[in-house]
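Engineer: What follows is a structure written as structure tokens; I'll ask about it next.
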Amino acid sequence: MKIKIDGKEYKVKGEKTILEVCADVGINIPNLCYSKNLGLLSSCRVCVVEVEGRWNLVPACGEIVRAGMVINTNSPRVINARKTILELLLSDHELKCISCSRTTDCRLKLASEAAQCDAERFQSNPHRIDGATHGSPPHTAKSADVGRLDKANNYVRRNPNKCILCGRCVKVCAEHQEVGVLAVNGRGFDAHIGVAWGNELGSVPCITCGQCVVNCPTAALEETSAPRELEGQERNTNVEEIKFLREKLGDKGTHVIVATAPSTRVAIGEAFGLPSGTNAEGKMVAVLKRLGFDRVFDLNLAADFTIMEEGTELLKRLHKMTNYDLKTRTFINTQFTSCCPAWINYVQMMHPELLPNVSTTKSPQQIFGALAKTYYAQKMGIDPKNIFVVMLMPCIAKSSEANREGIDHSKEFKDVDMSITVRQLSRMVREAGIDFAKLKNEKYDDPLGLSSGAGLIFGTTGGVSEAALRTISEKMLCKRLNNVNFENIRGEQGIKVAEIDTIQDSHGNPIRVAVVSGIANAERVIKDIKSGRENYHFVEVMACPGGCVNGGGMPVHNDIIQDNFANARRRASTMYNMDQYNNLRRAHDNPVVKQIYKEFLGEPNGEIAYKLLHTTYKPRKKYD
Amino acid sequence: MTKQAFIKAVERERDGGSVLCALQIAQEAYGYINEFAIQTVADVFSVSQSHVYGVATFYHQFTFAKRGKYNIQVCMGTACYVLGAEEIIRAIEDELGIKAGGKTEDGLFSLEHNTRCVGDCSIAPIVIIGDKWLAKTTIRKTLNEIRKIKRQEEVRLP
Ligand code: SF4
Ligand code: SF4
Ligand code: SF4
Ligand code: FES
């Protein structure tokens, strides 16, 4: 069909919105609430355009083009309307762009700049601070809490004064995660994003996945790392936390080491203008060294340990699959993965009955922390109390994991002192004035720098299973596989199911594996298992849709049409490529892993391994 | 209403009704929306408590603390406002010694904060005390009504 945009004719195929068609032909209509992954919200109205024959302006994000449509995207009426709408959004906004953590990638700021807005044209006070000044609902239980900042230690912090009420966070939390702790409270001028009873996110079952944060167009939602030393302090999260870390780095008496999670290397470049999915491993190592970390290690190595431990655990369960109930076809012995802390939070609060089925193996982050403060400390002859362990993560929940009750191997100090997101690191890099793209590649340090491709693909949905299957298959078959690619559990679908012929349970059945990402999908799989419709030996769950490559701590993109899944897809495919060209593709082949078992840990699932690399889980209350 | 009866009533709403209707039952039964009501509605409808709370805060018909025995609403719609609703509210505040949004210590009166147009502008200004409507009211008429209720209630006390 033919349509006309700004006086020029275009041919269009298929069902597309005005926003999409315009983006295709190079007209970027600013928009704040639309994301390809979330479905239509049409709440911000910034994307309005003129369609001839219609008396009112229409939102481009929700309007499907039809044959003969005549669209104006830059008539004076459109430009003025857009500018006014943005100015109204800014009218009750806390205009602190300079000190704002999202200053480089805030959709509201970018759109307002482009529209040459007068930010103070309608400026009133950011009224959502300290309670409603415009008349709260009568007798509200805690009306003074309207707009209160969430305190520290919630890992996700809300600032309603930077909220444009687009509703993305509500939608992603309710639909992708089926957690649903965010809702629009109040109405009219008092409307704000809040949780039940005006409480903080820390007292409702938020799993700290951070999906709301990567979907927020502004800084109304932010991560907090909550290192123990800053506990309980009211603070400007990101600025204060980065300052805290910088001081640690500058302290001669503290040995500061960092380990980089698998998915961070394929995403960090994006924060500095490199295309999404660029492999920036070498530059990332270089930048961490420039920032003053004493040693830069690879968390993929710890992922290799996770595979050794979790695989051995699974093998044990497969052998004593006595609880397999043929009649109800339920696997009482199903093993769920444990490496995603948001998933663990979810199980602890929503499904405590599943806790015995969750692998006791610690996540790579915690394995690394435990090894750093024991094996590494001994080897280097440094008192573990003087080692400060930092994790570079695609994730917000990792901070909650580092502080989880019972996670540390010793009472004296934490195994992981601080977990920072890729976004937080990119802020530090910018602060230090380092030109990331110009850096020369550097290599990880010894002795914790060598890792396999199996550890690398942990960062994407299906990767954990594939890595484990490589090791378990070869252990069971007692021979080398020619092909260690398990293609049928790759890809971004929310639920992938496969039967693995190379591995059998004690009944001689091939094992059934489910690979799940997104908590809504996990909920579906749990229901299937419980109702007896499905049975699995092994279920991998990652809370973020697509896995850590789409993590809550990843760089935020300002593509004209926001599509986090597409970025995740590109990051994942880079990882699979890197794995394909790695000479070392099996965790059990990793010489460093072998050596540390020999020198220090003993056997997988052995006594020392059990003490350092495993943990136990307690149920947690949903509401405080 | 007993807890059991309330749960039953909400369960009936689940099939065909809505969260809104269930909340109305709670408001009716308890005089306000309490934590038990939010929990029950969330559990029965399999939605999160935040969602139910969000719905409840959107509608002015729901309150989150017990109202007084006589709830006073002063219509703040345009017609009533122009004809002196603001002054009437201030007078009531002085009479009862409370602020709009509050409740008297003896629990007899509560004064609503911001009543939207009640839809009868031809008889503005309007004050509603309990279930009694005062049409084309004045400060004196309103205060007299309040004092009358006070006297009645005193008599009733043993
Ligand atoms: S962090 Fe996850 S669970 Fe918590 S509010 Fe955000 S989306 Fe919901
Ligand atoms: S917190 Fe962010 S995502 Fe949520 S409604 Fe506000 S601006 Fe939108
Ligand atoms: S999927 Fe990965 S990024 Fe997301 S919460 Fe889990 S561990 Fe964190
Ligand atoms: S209304 Fe279209 S992007 Fe918000």
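Engineer: How many nm separate the modelled label positions at residue B:1 and residue B:123, each set 7 Å beyond the Cα in the direction of the Cβ?
Structural biologist: About 2.9 nm, to one decimal.
Engineer: Taking segment A:328-406, which GluC sites (Glu not before Pro) meet the DSSP loop condition and have no more than 13 other C-beta atoms within 10 Å?
Structural biologist: Values: sites: A:353, A:401, A:405; in loops: A:405.
Passing both the DSSP loop test and the Cβ count: A:405.
Engineer: For n ≥ 4 DSSP H runs only, could you compute -39500 (n - 2.57) per run for chain B, divide by its residues and tell me the 222 nm figure to the nearest 500?
Structural biologist: Values: 7 runs with 80 residues, N = 158.
Calculated at 222 nm, the ellipticity per residue is -15500 deg cm²/dmol.
Engineer: How much accessible surface area, in Å² rounded to 10, belongs to the heavy atoms of residue A:175 with a 1.4 Å probe?
Structural biologist: Residue A:175 exposes around 100 Å² with every protein chain in place.
Engineer: Mind checking which of A:56, A:433, A:349 is farthest towards the positive end of chain A's charge dipole, using Cβ charges of +1 (Lys, Arg) and -1 (Asp, Glu) about the Cα centre?
Structural biologist: Of the options given, the answer is A:56.
Engineer: Only Lys, Arg, Asp and Glu count, each charged at its Cβ (+1, +1, -1, -1), so figure out the dipole size of the protein assembly as shown about its Cα centre, rounded to 20 debye.
Structural biologist: Taking the Cα centre of the protein assembly as shown as origin, the dipole is about 580 debye.
Engineer: When only C-alpha pairs under 8 Å and at least 6 residues apart count, what is the relative contact order of segment A:209-320, in percent?
Structural biologist: Computed value for segment A:209-320: 20 percent relative contact order.
Engineer: Oh, and also: Could you provide, to the nearest whole Å², the per residue accessible area of the protein assembly as shown with probe 1.4 Å?
Structural biologist: Using a 1.4 Å probe on heavy atoms only, each residue of the protein assembly as shown averages 41 Å².
Engineer: Treat every Asp and Glu Cβ in segment B:3-58 as -1 and every Lys and Arg Cβ as +1, leave all other atoms uncharged, and give the resulting dipole magnitude about the Cα centre to the nearest 20 debye.
Structural biologist: Working: 4 positive and 6 negative charges, 13 e Å.
Dipole of segment B:3-58, to the nearest 20 debye: 60 debye.
Engineer: Also, I was wondering about something else. Name the residue farthest towards the positive end of the dipole of the protein assembly as shown from the options A:463, A:613, B:72, assuming +1 on Cβ of Lys and Arg, -1 on Cβ of Asp and Glu, about the Cα centre.
Structural biologist: With unit charges placed on the Cβ atoms, the residue in question is B:72.
Engineer: Tally Lys/Arg at +1 and Asp/Glu at -1 over every other residue whose Cβ is under 12 Å from the Cβ of residue A:23; what's the total?
Structural biologist: On the way: positive: A:16, A:36; negative: A:20, A:24, A:559, A:563.
Combined, the nearby Lys, Arg, Asp and Glu give -2.
Engineer: Find out how many positive minus negative residues lie around residue A:275, taking Lys and Arg as positive, Asp and Glu as negative, among other residues whose Cβ is under 12 Å from that of residue A:275.
Structural biologist: Working: positive: A:570, A:571; negative: A:270, A:559.
Summing Lys/Arg as +1 and Asp/Glu as -1 gives 0.
Engineer: Check cross-link reach from residue A:283 to the lysines: straight Cα distance under 27 Å, and skip same-chain residues fewer than eight apart.
Structural biologist: Counting by Cα, and skipping residues close in sequence, residue A:283 has these lysines nearby: A:243, A:248, A:252, A:373, A:398, A:438, A:440, A:443.
Engineer: Which of A:377, A:580, A:395 sits closest to the plus end of the dipole of the protein assembly as shown, meaning its Cα is farthest towards the positive end, when Lys and Arg get +1 and Asp and Glu get -1 on the C-beta?
Structural biologist: A:580
Engineer: Still on this structure: Only Cα pairs under 8 Å and at least 6 apart count here; give the relative contact order of chain A as a rounded whole percent. Spell out each step's value before the answer.
Structural biologist: Details: 1255 pairs, mean separation 99.9, N = 624.
Once divided by the residue count of chain A, the mean separation gives 16 percent.
Engineer: Applying the Karplus parametrisation 6.51 cos²θ - 1.76 cosθ + 1.60 with θ = phi - 60° to the phi angles of segment A:508-515, what ³J(HN,Hα) value in whole Hz is obtained for each residue in order, glycine and proline being reported as x?
Structural biologist: x, 7, x, 6, 9, 10, 10, 10
Engineer: Between beta-carbons, use under 14 Å as the cut-off and find the net charge around residue A:305, counting Lys and Arg +1, Asp and Glu -1.
Structural biologist: Once all neighbours under 14 Å are counted, the net charge is -4.
Engineer: Buried by at least 20 Å² relative to the chain on its own: which residues of segment B:8-47 qualify, computing accessible area with a 1.4 Å probe on protein heavy atoms?
Structural biologist: Those residues are B:35.
Engineer: Here's another thing I want to ask about it. Could you pull out every one of the lysines with an alpha carbon less than 20 Å from that of residue A:8, ignoring same-chain neighbours closer than 8 positions?
Structural biologist: Once the sequence-local lysines are set aside, what remains near residue A:8 is A:16.
Engineer: On a straight-distance basis, which lysines could pair with residue B:103 in a cross-link, Cα separation under 23 angstrom, same-chain partners fewer than 8 positions away excluded?
Structural biologist: Hits, sequence-local ones excluded: A:142, B:66, B:69, B:132, B:141, B:148, B:150.
Engineer: Of all trypsin sites (Lys or Arg not before Pro) in segment A:391-471, which ones are in loop regions per DSSP and have a Cβ with at most 14 other Cβ atoms within 10 Å?
Structural biologist: Sites meeting the loop and neighbour criteria: A:411, A:440, A:443.
Engineer: Pairs A:289/A:618; A:316/A:411; A:36/A:475; A:530/B:3: which are spaced more than 32 Å apart, C-alpha to C-alpha?
Structural biologist: Beyond 32 Å between Cα atoms: A:289/A:618; A:36/A:475.
Engineer: Given charges of +1 on the Cβ of Lys and Arg and -1 on the Cβ of Asp and Glu, with all other atoms neutral, how large is the dipole of segment A:493-624 about its Cα centre, in debye to the nearest 20? Mind dumping the intermediate values first?
Structural biologist: Numbers: 18 positive and 15 negative charges, 75 e Å.
Result for segment A:493-624 is approximately 360 debye, rounded to the nearest 20.
Engineer: What does the average come to when, for each residue of peptide B:51-63, you count the partner chain Cβ atoms lying within 10 Å of its Cβ?
Structural biologist: Rounded to a whole number, the mean comes out at 6.
The values are calculated or read from the model by the stated rules, or taken from the named source; none is laboratory data. Source: prediction; values computed, not measured. Reconstructed Cβ throughout: ideal geometry from the backbone, glycine too, with neighbour counts over all protein chains shown. Only protein heavy atoms, including side chains, enter the accessible area calculation; ligands, DNA and RNA are left aside. Shrake-Rupley method; radii C 1.70, N 1.55, O 1.52, S 1.80 Å.
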